Amino acid sequence: MPEPLTLRTPLTALAGVGPARQKALSRLGLETVADLLAWFPRDYEDRTVRHDISALPLEEPVCFAALVAEPFRTSHIRRGMDITQGRVVDGTAAVYVTFFNQSYVRNALIPGQTYHFYGRLTQNGRRLQMSNPHFEKEGENRLTGGIMPVYPLTAGVTGHLMASLQRAAAACADQILETLSDDLRRAYDLAPAPFSYREIHFPTDWETLARARRRLMFEELFCLTLGLTLLRGRRGTQLATPFAKQDIDAFTAALPFPLTGAQRRSVEEAAADLRKSVPMNRLLQGDVGSGKTVVAAACAWLAKENGCQSALMAPTELLAQQHAGTLTDLLSPLGMTVDLLTGSMTAAQKRACRGRLERGETDLIVGTHALLSDPVDFAGLGLVITDEQHRFGVDQRAALSAKSGGTRRPHVLVMSATPIPRTLALMIYGDLDLSVIDQLPPGRTPVETFLIGEDKRQRLYGFVRKQVGQGRQVYIVCPAVDQADPEGMKAAEQYGHALQTQVFPDLRVGIVHGKQKPREKSAVMAAFAGGELDVLVSTTVIEVGVDVPNASLMVIEDADRFGLSQLHQLRGRVGRGQHQSYCILLSDHRAESTRKRLKTLCSTTDGFVIAEEDLKLRGPGDFFGSRQHGLPQLKLASLEGDMRLLHQAQAAAREVLREDPDLRREDHAPLRRRVEDLFRENRDIFN
Ligand code: ADP
Ligand code: MG
């Protein structure tokens, strides 16, 4: 007698799973019955059987019952192509069913018997037709007869296999431990766990499916909130140096411009955090060009006033160099020393730089990952700032925090130009406090954006020439580096050379891309920034941070290849000076959805609106799927319309933690395990 199935049973114990399939399944991370149950459908098909054929809608998938009225016949159309046809009927209509290259169905469809068919009905004259439907004998109810799950699959795992494994696993749904107490389920009207796990795979009807999904989404958001709150709480027990002296007026007096209201508010929010002996952990969000650097400088000034050093990490060498320059300009009038440490410096240069840090001669060190990977000792690190947070994971932030040594933790300021809808940000950065710079410095004219096709390329080149003629500079961005790209995207190298030799022989064209050596890259960038180049052809390496106020035109080739937020970032490279600036999106992509996406960019320059739209059009997958945030991946909690559920889950989490701050109670054991699972890579939450 076979062992009874449990949640822990390995999938190899299930019928039909040999070594090959087991390997394929484990590619999806599926090893046990429990894993299967947690592998949710990505979609559903309504294969509920309907009976009145004449009343069925056309051109959309439907399932109906019909009697085979005549034997199906196969005819050969040409070599390698045959069709098998027959007529099926119910009391209201007949359907002509056609199969291509599936002559075996002839024997499976027996005249006089009733079958279920699932496919798209079309009408040709007065004839109803259906091609290549799924079908099965009435009463079999494996392919039809209800709402069928559609699973994410991989090579070697068919939908059919997945469904049959899931059917076997569903028998174990009752063994799943409840993580939500009766009280909680009653308060928020949530279905029990076993019901939800059964229904999400094999729904009885749409309503029970909705109930199941709601419960499982709630649970996911609930556990996410719990984990993030626990992370935040752990921070609360750490010590940082409080920055008690706060002469912000001395800082603002030394600035070449007054702070905007939003900048002032952000500085005040950070300053209030820095006064405490708990480490600051603040996210500073502001659109490109909103002036985040000054806020960072203000924090570094507060650190200096209180005898502490600061470190700023940038994602690229280029940015680090630029930041070091900007921050030197801002802070040296205040008597602060700013230094640069990057990977491409010589060993001797690095050694000298580290020496100055150890001796406390450097107040603010700006660098790339070299700051993390090289042995750097600080005399007294009190503040860590990271720019463009989406490139740094939670763990990297932690690594730098650890550099401060001793028992004191540095304060942390994270800057991001990726505008994320506020509610979403609260969730993604649940362990961070949030400041938003939602105002641009005065005197900026919004960038005008146009979407054009290949037919306007010559006019575009004319426009480039005109801008350069007026003394301006131009960026041209392409999606790829070289022609190895099979889809023929504009390659920066080749395209740049072609432009220089064939289109703009009289202009100065530079090329910059990610495959160049850092030194080469920064030489080109420096030339562009210094006005020695008219046109800069590049890949997205210029995406973040680069500041050349004289540049007034951004051309983006194959714009459809980029996400909206990324395009918005690129556009932010122009419009940084007093000149009217333009962004031209080139794309011949005709798909309605693509055009709509790109048109959004033409109609607004508000990064938050664009992020919102990106979220709507592409779904939250980009935010949660990329893992760039270093946060757990959510399965269900797509955020469309789920904000209410998120708020409920957050309220519930607060309540639970009020009673059991560390989730130590016996009856919270299953919940605690679920949270740990969700934060698998951050297991130390509980330590
Ligand atoms: P980002 O938020 O993209 O990092 P930056 O800090 O690079 O923006 O600032 C963009 C530009 O705006 C810089 O040239 C900076 O000198 C200028 N700037 C910042 N704040 C102000 C302000 N309050 N008034 C005028 N110009 C400002
Ligand atoms: Mg910046």
*Would you mind computing, in nm to one decimal, how far apart the modelled labels at VAL105 and GLU361 are, each placed 7 Å from Cα along Cα→Cβ?*
8.2
*Counting Lys +1, Arg +1, Asp -1, Glu -1, what net charge surrounds GLY146 among other residues with beta carbon under 11 Å of its beta carbon?*
-1
*Computed magnitude of the charge dipole of the chain (debye, nearest 20; Cβ of K, R +1, Cβ of D, E -1)*: 740
*For an R0 of 45 angstrom, estimate the FRET efficiency from the Cβ-Cβ distance between ARG590 and THR158 and round to the nearest 0.05.*
0.85
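With a Förster radius of 41 Å, plug the Cβ-Cβ distance of THR346 and HIS497 into 1/(1 + (r/R0)^6) and report the FRET value to the nearest 0.05.
Once rounded, the FRET efficiency stands at 0.85.
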*Amide H to amide H under 5 Å from LEU312: which residues, 5+ apart in sequence or cross-chain, H placed 1.01 Å off N in plane?*
ILE365, VAL366, GLY367, ILE385
*Taking a point 7 angstrom from the Cα of TYR461 along the C-beta vector, which residues in the range 502-520 have backbone N less than 13 Å away?*
502-507
*With θ set to phi - 60° and the Karplus curve 6.51 cos²θ - 1.76 cosθ + 1.60, what are the ³J(HN,Hα) couplings of the range 282-289 in order, to the nearest whole Hz, using x for Gly and Pro?*
10, 9, 9, 9, x, 4, 4, x
*asked:* What distance in nm separates the two pseudo spin-label positions at ARG444 and ASP329, each 7 Å out from Cα along the beta-carbon direction?
replied: 1.6
*Per DSSP H run of n ≥ 4, the term is -39500 (n - 2.57); total these for the chain, divide by its residue number, and report the mean residue ellipticity at 222 nm rounded to 500 deg cm²/dmol.*
-11000 deg cm²/dmol
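Let me have the relative contact order for the range 448-604, percent, based on Cα pairs under 8 Å that are six or more residues apart.
The value is 30 percent.
Calculate, in nm to one decimal, what LYS599 and TYR44 gain on full extension: separation in residues at 0.36 nm each, minus their alpha carbon distance.
Details: separation 555, 0.36 × 555 = 199.80 nm, distance 3.15 nm.
Extra length available between LYS599 and TYR44 comes to 196.7 nm.
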*How many percent of DSSP beta bridges within the range 491-590 run antiparallel, rounded to 5?*
0
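Pop the C-beta distance of HIS647 and ARG167 into the FRET formula with R0 = 35 Å and round what comes out to the nearest 0.05. All intermediate terms of the calculation are to be shown ahead of the outcome.
Values: r = 36 Å, r/R0 = 1.03.
Once rounded, the FRET efficiency stands at 0.45.
Within the range 28-102, which trypsin sites (Lys or Arg not before Pro) sit in a loop by DSSP and count at most 15 neighbouring Cβ atoms inside 10 Å? Don't jump to the answer; show the numbers that get you there.
Details: sites: ARG42, ARG47, ARG50, ARG73, ARG78, ARG79, ARG87; in loops: ARG42, ARG79.
Sites meeting the loop and neighbour criteria: ARG42, ARG79.
Just the ratio, please: alpha-carbon radius of gyration of the chain over 2.2 N^0.38 Å, N its number of residues.
Compactness ratio reported: 1.16.
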_Segments 663-675, 193-205 sorted - mean Cβ within 10 Å per residue, highest first_ = 193-205, 663-675
*Roughly to the nearest percent, how much of the accessible area of the chain is carbon and sulfur, given a 1.4 Å probe?*
50
*asked:* Per 0.36 nm of contour for each residue apart, how much would the distance between VAL609 and ARG78 grow if the chain were fully extended, relative to their Cα-Cα spacing?
replied: 185.6 nm
*Scan the range 79-155 for GluC sites (Glu not before Pro) in coil per DSSP, keeping those whose Cβ has at most 13 other Cβ atoms within 10 Å, and list them by number.*
GLU140
*Provide the per residue accessible area, probe 1.4 Å, for the chain, rounded to a whole number of square angstrom.*
45
*Rg in Å to one decimal, and Dmax rounded to a whole Å, for the range 448-604 via C-alpha atoms*: 14.5, 42
*When DSSP assigns beta bridges and you keep just the ones with both residues in the chain, what percent turn out antiparallel, to the nearest 5?*
40
*Which residues' amide hydrogens lie under 5 Å from the amide hydrogen of ALA240, considering only partners 5 or more residues apart or on another chain, with H built in the peptide plane?*
VAL278, ARG409
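How large is the Kirkwood hydrodynamic radius of the range 48-145, in angstrom, based on all distinct alpha carbon pairs?
On the way: mean 1/r = 0.0742 Å⁻¹.
After inverting the pairwise mean of 1/r, the radius is 13.5 Å.
Restricting to the range 48-145, compute how many DSSP beta bridges are antiparallel as a %, nearest 5.
About 85 percent, rounded to the nearest 5.
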*Give a residue-ordered list of calculated ³J(HN,Hα) values for the range 197-211 (Karplus: 6.51 cos²θ - 1.76 cosθ + 1.60, θ = phi - 60°; whole Hz; x for Gly, Pro).*
5, 5, 6, 6, 8, 10, x, 5, 7, 5, 5, 5, 4, 4, 5
*Do you know the relative contact order of the chain, to the nearest whole percent, from alpha carbon pairs under 8 angstrom that are 6+ apart?*
12
_Give me the extension gain from ALA379 to ASP247: residue separation times 0.36 nm, minus the current Cα-Cα distance, reported in nm with one decimal._
45.2 nm
*Can you run phi through the Karplus equation (6.51, -1.76, 1.60; θ = phi - 60°) for the range 497-506 and list ³J(HN,Hα) in whole Hz, with x for Gly and Pro?*
5, 4, 4, 5, 7, 9, 9, 10, x, 8
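The values are calculated or read from the model by the stated rules, or taken from the named source; none is laboratory data. Predicted, not measured: the structure shown is a model, and the values here were computed from it. So basically every Cβ, Gly included, is an ideal-geometry build from the backbone, and we count neighbours across all protein chains shown. Heavy atoms of the whole protein, side chains included, go into the accessibility calculation; ligands, DNA and RNA do not. Shrake-Rupley method; radii C 1.70, N 1.55, O 1.52, S 1.80 Å.
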